[in-house]
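Take a look at the structure set out below.
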Amino acid sequence: MPIQVLSDQLASQIAAGEVVERPSSVVKELIENAIDAGAKTINVDIRNGGRNLIQVADDGDGIPADELEVAFMRHATSKLRTAEDLNTIYTLGFRGEALAAIAAVSQLTAVTRAKGETAGTRLVLEGGHKSGRETVGAPQGTVIAVENLFYNLPARLKFLKSVTTERRLIDEYVTRYALAYPEIRFRLTHDNRLTFQSNGSGQLMDVLVSVYGPDTARDLLEIREEEEETAGEPEEKQSPTKAINVSGYAGPPRHNWANRNHITLFVNGRWIKDNRLTYAVIQAYHTLLPTGRYPLAVVFLEMPAEQVDVNVHPTKAEVRFRQSNAAFSAVQRAVRQTIIADSPVRQGGHFASFQPSGWAGTTARHDSDSWDDSGWESQSAFDLDWSSGSEGDSPITGSSPAAAGTNETMAGGGRIPIMRVVGQVGAAYIITEGPDGLYLIDQHAAHERILYEQFMAAWQENGRNEGIASQGLVTGAVVQLTPPQAALLDEHLALLSQIGFQVEPFGPNTYMVRSLPAVVARLDPARALMDVIEDLERGDEPLQSKIEARIILRVCKSAAVKAGQTLSRQEMEAMIHQLENCHNPHTCPHGRPTLIHLSVAQLAREFGRT
Ligand code: ADP
Ligand code: MG
């Protein structure tokens with residue numbers, strides 16, 4: 001092919017790829033524009049994880065009618081004039097790329113009315129081309145509605161992850177900006193359901209409560225820097241003291257997670273991705289956290305704009321610090337001081353924190369077919385086992401099954417008596433005789449309960465630190481997944497391995513199950529993995545602590561004997577014996593009863609003996 005200059009259309013699409021990677025990037029850019037426009041309220045409405053609609057409405061300055069078309073041109077910005085300006089950027093945007101990029105790969109409608117203008121303007125663009133413009137009545141501010149993102153880029157569309165994942169990424173961006181701008185009221189809906197809001201009070205703590213729930217937020221420690229000279233790294237000797245100000249909140253070590261997602265960093269009001277600073281936070285917790293566990297921290301750095309280069313990447317999420325060592329030590333020192341000042345660290349059994357509310361705290365729930373509404377969570381066993389007894393600790397580690405046992409009465413009457421197996425009915429129920437009559441036991445529910453308590457005990461002992469003991473498979477089991485399933489699995493590989501499930505990539509969208517949690521070694525490995533994935537697909541719970549709990553529940557369910565399975569007398573006796581040893585023998589982990597008791601008196605009544 002001869003060398004040719006690309007058509008404008010194609011060049012725009014290619015450029016758009018850098019800025020608009022996925023729905024959440026659109027959300028990010030539009031929110032940044034709203035913030036730059038001085039908005040006090042920002043409403044974000046999403047449909048179908050952003051594939052169908054992303055709408056961001058603000059009450060900011062608006063775009064003057066005669067500049068509206070220009071705003072959608074490439075490299076068009078009101079925030080930058082000269083190359084020198086690049087050194088001192090105080091706005092979130094400055095590259096003049098976002099609107100053009102978003103418009104190039106979607107069907108976009110903008111309605112805006114600028115301060116001082118009497119009417120608003122509606123502009124409609126299809127793949128970046130103007131297809132309509134009219135004068136309309138509108139309040140001051142801007143509404144950008146992005147429909148059918150990537151409709152003209154099928155290749156991109158294919159790479160989007162599950163709706164759940166996209167939704168989570170969007171949630172993350174909205175909460176980040178809500179944290180960085182507590183004075184702005186944010187409101188986020190997914191498919192017309194409110195999932196997050198902040199009140200715009202200006203109090204960071206209010207936003208923390210909205211994001212993490214009141215229980216976790218209450219425990220967070222405010223980062224206060226002691227007045228101190230900047231540690232003198234040679235190259236930074238001359239740097240003025242307090243060139244970098246660090247503020248925010250750090251979680252006490254007992255609140256910890258399996259990944260770094262809960263470390264959030266901002267520089268001059270901009271959320272950034274920075275491995276080194278993330279590591280500085282982790283370092284601050286050195287020896288205070290079990291290995292493989294990460295803290296919660298929301299850290300704000302303020303420094304003169306010329307100290308940080310934000311023009312590194314089109315997404316503006318990566319930055320370069322002029323004095324990166326100073327930034328590192330400032331963060332590490334400030335966080336360390338904060339957590340050390342708090343108290344001697346409580347050790348022993350009380351590691352991670354359970355977040356009962358998180359999103360749910362101030363928000364509506366998602367899909368009706370999701371975890372939240374499936375009835376699992378709301379049922380008694382779930383609550384009883386974990387949250388009710390133990391000052392808001394993790395379902396996994398916080399309360400041992402022993403602690404859960406203190407709630408026995410609520411679960412329906414304490415332990416079960418020693419029983420004698422009589423037989424099995426319908427290959428589903430075990431009949432036993434106890435001191436007061438007859439018991440019918442649901443073999444699946446009972447086994448689920450047994451496995452679950454064993455799992456929890458193993459987790460309690462070792463899980464947090466070294467992961468749960470696993471049992472290798474002689475020949476691994478290969479599982480073929482769809483691309484979204486593979487993406488979902490990739491996200492959770494580390495977590496699965498932590499609970500004893502070793503799964504390795506084994507070709508495109510293909511995985512090999514290498515080992516299983518020892519407690520449930522009888523699982524059909526491939527089936528079990530599919531069960532877990534299908535379960536993850538159904539949910540949209542962003543909290544890691546709940547995902548752990550959920551996977552464990554799912555695994556126990558898969559591993560439990562099914563109804564329809566004939567059991568030998570030995571097997572039944574073993575099961576009953578183990579059930580007798582459970583702390584909450586009366587219900588399965590999802591809250592269904594494991595047994596029905598027919599007392600001697602009841603039998604007598606039924607037979608008309610009394
Ligand atoms: P940048 O933010 O880098 O300047 P964008 O493409 O995101 O580039 O936006 C182009 C211009 O459109 C901005 O500089 C700003 O003047 C205007 N603009 C975009 N969104 C808004 C908004 N929500 N309110 C007011 N002005 C806006
Ligand atoms: Mg912008």
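The values are calculated or read from the model by the stated rules, or taken from the named source; none is laboratory data. Predicted, not measured: the structure shown is a model, and the values here were computed from it. Note that each Cβ is placed from the backbone with ideal geometry, even for glycine, and that neighbours are counted across all protein chains shown. We work out accessible area using only protein heavy atoms, side chains counted, and drop any ligands, DNA or RNA first. Shrake-Rupley method; radii C 1.70, N 1.55, O 1.52, S 1.80 Å.
Once the Cβ-Cβ distance of A155 and L493 is raised to the sixth power relative to R0 = 22 Å, the FRET efficiency obtained is 0.30. Phi angles of segment 54-71 translate, via the Karplus equation with coefficients 6.51, -1.76, 1.60 and θ = phi - 60°, into HN-Hα couplings of 10, 10, 10, 10, 9, 10, x, 5, x, 10, x, 3, 7, 10, 4, 4, 4, 4 Hz per residue; Gly and Pro are given as x. Gap in Å between the Cα centre of segment 93-171 and the Cα centre of segment 21-81? Centre-to-centre (Cα) distance: 7 Å. Plainly put, segment 8-201 has a radius of gyration that is 0.94 times its Kirkwood radius, both from alpha-carbon atoms, as the Rg/Rh ratio.
Sequence-ordered 3J(HN,Hα) estimates for segment 468-481 from the Karplus curve with 6.51, -1.76 and 1.60 and θ = phi - 60° stand at 7, 4, 10, 10, x, 9, 4, 10, x, 9, 9, 10, 9, 10 Hz, glycine and proline given as x. Distance from the alpha carbon centroid of segment 553-590 to that of segment 433-495 works out to 13 angstrom. Computed over segment 103-220, the alpha-carbon pair-distance distribution with 5 angstrom bins reads 2, 10, 13, 15, 16, 16, 13, 8, 4, 1, 0, each value a whole percent. Karplus-based coupling profile of segment 127-136, in residue order and whole Hz: x, x, 9, 5, 10, x, 8, 8, 8, 9, with θ = phi - 60° in 6.51 cos²θ - 1.76 cosθ + 1.60 and x standing for Gly or Pro. Within the accessible surface of segment 8-201, defined with a 1.4 Å probe on protein heavy atoms only, the carbon and sulfur portion equals 50 percent. Close amide-amide hydrogen proximity is noted between A317 and no other residue 5 or more places distant or on a separate chain, at a cut-off under 5 Å (H modeled in the peptide plane; Pro and chain starts excluded). For segment 8-201, the Cβ-based charge dipole about the Cα centre amounts to some 600 debye (Lys, Arg positive; Asp, Glu negative; other atoms uncharged). Heavy-atom accessible area with a 1.4 Å probe sorts R333, R527, R605, R224, largest first, into R224, R605, R527, R333. For the cross-link pairs K130/K161; K28/K79; K161/K316; K158/K273; K40/K115, the ones whose C-alpha atoms lie over 19 Å apart are K130/K161; K161/K316; K158/K273. Spatially, segment 243-302 and segment 500-523 are offset by 32 Å when compared through their Cα centroids.
Backbone amide hydrogens, once placed in the peptide plane, bring S470 within less than 5 Å of A518, excluding anything fewer than 5 places away on its chain.
Kirkwood analysis of segment 413-547, using all unique Cα-Cα pairs, places the hydrodynamic radius at 17.1 Å.
Amide H to amide H, with H built 1.01 Å from N, I223 comes under 5 Å of G248, Y249, A250, counting only residues 5 or more places away or on other chains.
Per residue, the solvent-accessible area of segment 519-610 (1.4 Å probe, heavy atoms of protein chains only, all protein chains present) comes to 44 Å².
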